[in-house]
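Rule-based calculations on the coordinates, nothing more; no lab input. What you are looking at is a predicted structure, and each value in this text was computed from that prediction instead of being measured. Methodologically, a virtual Cβ is constructed for each residue, glycine included, from the backbone with ideal geometry; neighbour enumeration extends over all protein chains shown.
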Amino acid sequence: GYAINGIKSMDFNDPSNRMNITHLRDFSNSSITNIYQTPEQMKEAESLYIQSGSLIDGINGHSFGLSLEEIKNVSKGEDWQFNPDMSVYPQNEDGSYSKEALFMSFLKSYGSGQPVESSETTLNPKVEAYNRAMAKESFNGDSIALNDIMTGKVDFASLLKGYAQDGWLDADIYAIEKGVAWQNTSIGYGGAWFDNQFNQAKANGWKASNQSIDSYVNSIMDRLNNLLGQTRV
């Protein structure tokens, strides 16, 4: 898989941002910054995104769409999706797929066929009016571009520690202390069970210690630096 950075999208801190109204994304200055060569690297990227409080924008991996299952299902999907006619790209005599078929599968994997932001993009007037009204009531959560972390523009360790000290990462730190896998902190029954346990602990006076915060931040940074060292383009 791969990580892509430089995508521009909604930013409610910038009222002049047209994408607050169109809800589209601008890929004109985007680029692939990391290549994930194993499923483990993809899972680690997702884990770091969740366990850092969803602060790292652009770390999550995208599939190249080249698995047999993905290639076979390129032409399937909802009416609004990109479903190319693959009959024009027959398989090779040895059963392998043509470069054109592989490229179509790659395009499908990132949701190609969806509109993107440009000066030519227009909206239904009713939709535009509704989106303008909603934009006035919306705000952005914090996130840091992966590129800014890799280049050192942002001191992510200090930022992460500040968030932890303010209590924003308490649930993640508590999960580590109790040995709860990150997948079980927010999904289905496991997530509900964890929320109950965590809230009960907070009610009983649990608080992340300075030592726990330092250990947590150091662990995240070690894992992040290790992953970036393996995958950076």
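Just a few scattered comments:
- For q = 0.10, 0.15, 0.22 Å⁻¹, Debye-computed log10 I/I(0) when each Cα of the stretch 155-232 counts as one equal scatterer: -0.27, -0.58, -1.04
- For the stretch 155-232, averaging the sequence separation of C-alpha pairs within contact (under 8 Å, six or more residues apart) and dividing by the residue count gives a relative contact order of 37 percent.
- Over the chain: Kirkwood hydrodynamic radius from C-alpha pairwise inverse distances, Å: 20.7 Å
- In plain terms, the C-alpha convex hull of the stretch 27-114 casts an average shadow of 7.5 nm² when viewed from every direction.
- Normalised contact order of the stretch 1-142, rounded percent, pairs of Cα under 8 Å and 6 or more residues apart: 29 percent
- Basic side chains Lys and Arg get +1 at the Cβ, acidic Asp and Glu get -1 at the Cβ, and with that the dipole of the chain about its Cα centre reaches some 280 debye.
- As a rough footprinting exposure proxy, the listed residues VAL88, VAL74 were ranked by other beta carbons within 10 Å of their own, and the order from fewest upward is VAL88, VAL74.
- Residue by residue, the stretch 193-198 carries 3J(HN,Hα) couplings of 4, 5, 4, 5, 5, 5 Hz when phi is fed to the Karplus relation 6.51 cos²θ - 1.76 cosθ + 1.60 (θ = phi - 60°); x denotes Gly or Pro.
- Under 12 Å, Cβ to Cβ, from TYR216 - net charge with Lys/Arg +1 and Asp/Glu -1: -3
- Listed residues ALA45, ALA157, ALA133, most fluctuating in the chain (Gaussian network, C-alpha, under 10 Å): ALA133
- Label positions at ASN147 and PHE82, each projected 7 Å from the Cα along the C-beta direction, are separated by 2.1 nm.
- Spatially close lysines, pair count over the chain: Cα under 15 Å, gap of eight or more or interchain: 7
- Mean residue ellipticity (222 nm) of the chain, computed from DSSP H runs ≥ 4 via -39,500 (n - 2.57), nearest 500: -14000 deg cm²/dmol
- Placing unit charges on the Cβ atoms of the charged side chains and taking the dipole of the chain about its Cα centre, the candidate lying farthest along the positive direction among ILE35, SER9, ALA164 is ALA164.
- DSSP-defined beta bridges in the chain - what % are antiparallel, rounded to 5: 80 percent
- When the charge dipole of the chain is built from unit charges on Cβ atoms (+1 for Lys and Arg, -1 for Asp and Glu) and taken about the Cα centre, the candidate among THR121, VAL233, PRO84 whose Cα reaches farthest toward its positive end is THR121.
- Gain in span if fully extended, ASN124 to ASN13, counting 0.36 nm per residue against the direct Cα distance: 37.5 nm
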